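A.B. asks: My structure is below; once you've seen it, I'll send some questions.
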Amino acid sequence: MKAAAPRAPQNNERFMNQALLDKIESAQFRKEAAKFNVGDSVRVHTRVVEGDKERIQIFAGVVIGRRGRGLNETFTVRRISYGEGVERVFPIHSPRIDKVEVERQGQVRRAKLTYLRTRIGKGATLVKEKERQKRTTPKTGKTPEPAVAAK
C-alpha cells in the first residue's frame, strides 16, 4: 500500500507563510545598513569572542562581490596577506559585524570582481577610484565649459 503524497501548499497558504517569514526576518535586520558597493576598499570590524573576553578584529580589503537578499545577503572581501590572497565572506546583517568603514570608493564595471584573483602585486588591489568632484579651474574656481570648434 502506497502512502499518500503530501499535498502542495495552495497559493494563499504560500503567501501567508512568506508574510510570516518576512515579519520574523524584519526583527533581525540591522538598524542602519552599510552603504558600500563592489570595488570599494573597506575595513570590516568584527567581534571576536575568546573565552569570556570580547574584542574587535579588523579585516581590510576590496569588496569583490555581493549576493543574496534580505537576511541572507552577504559580501566578500579580498586582501593580500603576506603575498597570499585571503577572501572572507561576511553576512551583512550579522550581529558579529560591528561596523563597515569605507576607506575608498572604487569605480568598477562589473558586479563580481573575481578577475582580481588572477592578478599579482599592486594590480590585485588596484581599483579605479571614483572622481568625487568636478574639475575646476585654479583661478576662477568655476567648471570650464567645453571648447566649441570654429567653422
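All of the numbers you see were taken from the coordinates with simple rules; none came from a lab. Just so we're clear, the structure is a prediction, and the values are computed from it rather than from any experiment. Quick reminder, even Gly has a Cβ in these numbers, built from the backbone with ideal geometry, and neighbours come from all protein chains shown.
A.B. asks: Quick one: Cα convex hull volume of the stretch 14-62, Å³ per residue?
C.D. replies: Considering the Cα atoms of the stretch 14-62, their hull volume per residue is 149 Å³.
A.B. asks: I've got another one for you. Can you work out the base-10 log of I(q)/I(0) for the stretch 34-124 at q = 0.17, 0.20, 0.21 1/Å, using the Debye formula on its C-alpha atoms alone?
C.D. replies: -0.74, -0.98, -1.06
A.B. asks: Separation between the residue 72 and residue 57 pseudo-spin-labels, each 7 Å from Cα along Cα→Cβ, expressed in nm?
C.D. replies: It works out to 2.7 nm between the two label points.
A.B. asks: Within a Cβ distance under 9 Å of residue 88, other residues only, what is the Lys/Arg minus Asp/Glu net charge?
C.D. replies: +1
A.B. asks: Quick one: how many lysine pairs in the stretch 34-124 have C-alpha atoms under 20 angstrom apart, if they're 8 or more apart or on different chains?
C.D. replies: 4
A.B. asks: Find the relative contact order for the stretch 34-124 and round it to a whole percent, using C-alpha pairs within less than 8 Å whose residues are 6+ positions apart.
C.D. replies: Value for the stretch 34-124: 34 percent.
A.B. asks: Still on this structure: Please compute the modelled spin-label separation between residue 48 and residue 103, points set 7 Å along Cα→Cβ, answer in nm with one decimal.
C.D. replies: My value for the distance between the label points is 1.7 nm.
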